[in-house]
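Novice: This structure is in structure tokens; I'll ask about it shortly.
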Amino acid sequence: MKELLTRSLSGFLYVSILLVSIFVSKYTFIGIFFLFGMISIYEFQKLINLKNKRLYLIFIFIFILLNVFQGQLYLTIPVLVLTLITELFLIKDLVTIRIIPMFEKRKYGTSIFYLITSITFLTLAPMYSGEYEPLIIAGAFIITWANDTFAYLVGKNFGKHKLLERISPKKTIEGFIGGFVFSLLTGYLIAILSNTLSLTIWLIISIIMSIFGTLGDLIQSKFKRQAGVKDSGTIMPGHGGIYDRLDSVIFASPFLYAFLQILKYVS
């Protein structure tokens, strides 16, 4: 009972800080996720057995550069392409090999063009149009939470077929389908109740967050399994680390940002 209460309070505090930071202003949003990014880098370095303070400086540089010059496609597009390529290779490694090979150069490449740039694109997503639209990123988080919650509930009660048992034994195909369906339902409700994007666009965002969010969670689980740990950190009692809470959204963010950019230039 005490553990459940601790977990509930910790989760409530995290969600409250996150949503308040998003809706107060773009500066509180950027500030909180800059802090979350620094913590996530620390936690990720522990997972891959890397200790290098230069990664924090690289994060600060990329984070500031892309947020200040977010409208300059000659800066954002090359970084986005490298990030998407890095994440596609991680997906390939997830499904084709037992252990993700993390030799020294790849540790740095993955830290930069998976974690650092993905967190940066997370902060750029609500400003894809040139104006700060908090509901875009809040909606992405809400869809991800719906996906995770109902994937767990459906999987626990109806799951019979394992999704990727060697990586995450509790995840099931039924759970994934349940999370996907409720992600679409959540996207539908956001579209109906808000005056932001069209229903079709919110449904596509739901598909992106559900599929790539699940892949991000599995990839992080693989990193944790290789490191022999349950959680990436201990900053959130009952939940683990900040990276544990953000893994799905971090991984999905570059794909979300790419979609929003395509939407901006074709509409």
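Novice: Per Stokes-Einstein, at 4 °C and 1.567 mPa s, what whole-number D in µm² s⁻¹ belongs to the chain, with the Kirkwood radius over Cα pairs as the hydrodynamic radius? Intermediate results must be reported in sequence, preceding the final value.
Specialist: Working: Rh = 18.8 Å.
In µm²/s, the coefficient rounds to 69.
Novice: Okay, moving on. Find the relative contact order for segment 87-194 and round it to a whole percent, using C-alpha pairs within less than 8 Å whose residues are 6+ positions apart.
Specialist: Details: 88 pairs, mean separation 20.7, N = 108.
Rounded, it is 19 percent for segment 87-194.
Novice: If you don't mind, another one. Shape of segment 1-58 from its Cα gyration tensor (a ≥ b ≥ c, root eigenvalues): rounded if a/c is under 1.5, otherwise prolate when a/b > b/c, or oblate? Walk me through the numbers before you get to the answer.
Specialist: Numbers: a/c = 5.32, a/b = 1.25, b/c = 4.25.
It is oblate, given that a/c is not under 1.5 and a/b is not larger than b/c.
Novice: Among 154, 185, 130, pick out the residue whose Cα is farthest towards the positive end of the charge dipole of the chain, where Lys and Arg carry +1 and Asp and Glu carry -1 on C-beta, about the Cα centre.
Specialist: Looking along the dipole axis, the top candidate is 154.
Novice: A further question follows. Across segment 117-170, how large is the tail of the calculated P(r) beyond 17 Å, expressed as a percent of all Cα pairs?
Specialist: Every Cα pair in segment 117-170 considered, those over 17 Å come to 56 percent.
Novice: What is the distance in Å between the Cα centres of segment 142-157 and segment 59-77?
Specialist: Value for the Cα centre distance between the two parts: 34 Å.
Novice: So what is the diffusion coefficient of segment 68-196 in µm² per second by Stokes-Einstein at 10 °C and 1.306 mPa s, using a Kirkwood Rh over Cα pairs? Intermediate values should be presented prior to the final figure.
Specialist: Values: Rh = 17.1 Å.
The calculation lands on 93 µm²/s.
Novice: Ignoring the sites themselves, what is the longest stretch of the chain with no trypsin sites (Lys or Arg not before Pro) in a DSSP loop and at most 16 other beta-carbon atoms within 10 Å? Show your work: numbers first, answer last.
Specialist: Values: sites that count: 51, 53, 98, 160, 166, 170, 230.
Here the longest segment lacking exposed loop sites spans 99-159.
Novice: Can you pull out the chymotrypsin sites (Phe, Trp or Tyr not before Pro) in segment 202-267 that DSSP calls coil and that have at most 16 other Cβ atoms within 10 Å? Spell out each step's value before the answer.
Specialist: Values: sites: 202, 212, 223, 243, 251, 255, 257, 259, 265; in loops: none.
Hits after loop and neighbour filter: nothing returned.
Novice: If DNA, RNA and ligands are ignored and the probe is 1.4 Å, what is the ranking of 150, 59, 89 by accessible area, most exposed first? Could you put the intermediate results ahead of the total?
Specialist: Working: 150 65, 59 0, 89 110 Å².
Descending accessible area places them as 89, 150, 59.
Novice: Give me Rg over Rh for segment 36-121, both radii from the alpha carbons and Rh done the Kirkwood way, two decimal places.
Specialist: Working: Rg = 13.3 Å, Rh = 13.5 Å.
Reported Rg/Rh (Cα atoms, Kirkwood Rh): 0.98.
Novice: Using a 1.4 Å probe on the protein heavy atoms only, what accessible surface does residue 217 show? Give it in Å² to the nearest 10.
Specialist: Accessible area, nearest 10 Å²: 30 Å².
Novice: Can you give me the % of accessible surface on the chain that is carbon or sulfur? Probe 1.4 Å, all protein chains present, nothing else counted. All intermediate terms of the calculation are to be shown ahead of the outcome.
Specialist: On the way: 9170 of 13210 Å².
Carbon and sulfur atoms account for 69 percent of the accessible area of the chain.
Novice: In square angstrom, rounded to the nearest 10, how much accessible surface does residue 131 have for a 1.4 Å probe?
Specialist: The accessible area of residue 131 comes to roughly 130 Å².
Novice: Using a simple charge model, +1 on the beta-carbon of Lys and Arg, -1 on the beta-carbon of Asp and Glu, nothing else, what dipole does the chain show about its Cα centre, in debye to the nearest 20? Kindly include the intermediate steps, with their values, before the conclusion.
Specialist: Numbers: 24 positive and 14 negative charges, 182 e Å.
In total the dipole reaches around 880 debye.
Novice: Per residue, how many Å² of accessible area does segment 111-267 show with a 1.4 Å probe? Show your work: numbers first, answer last.
Specialist: Details: 6510 Å² over 157 residues.
That works out to 41 Å² per residue.
The values are calculated or read from the model by the stated rules, or taken from the named source; none is laboratory data. Quantities reported herein were computed from a predicted structural model and do not represent experimental measurements. Using ideal geometry, Cβ is built from the backbone for each residue, glycine included, and neighbour counts are taken over all protein chains shown. Ligands, DNA and RNA are excluded from the accessible area calculation, which covers all protein heavy atoms including side chains. Shrake-Rupley method; radii C 1.70, N 1.55, O 1.52, S 1.80 Å.
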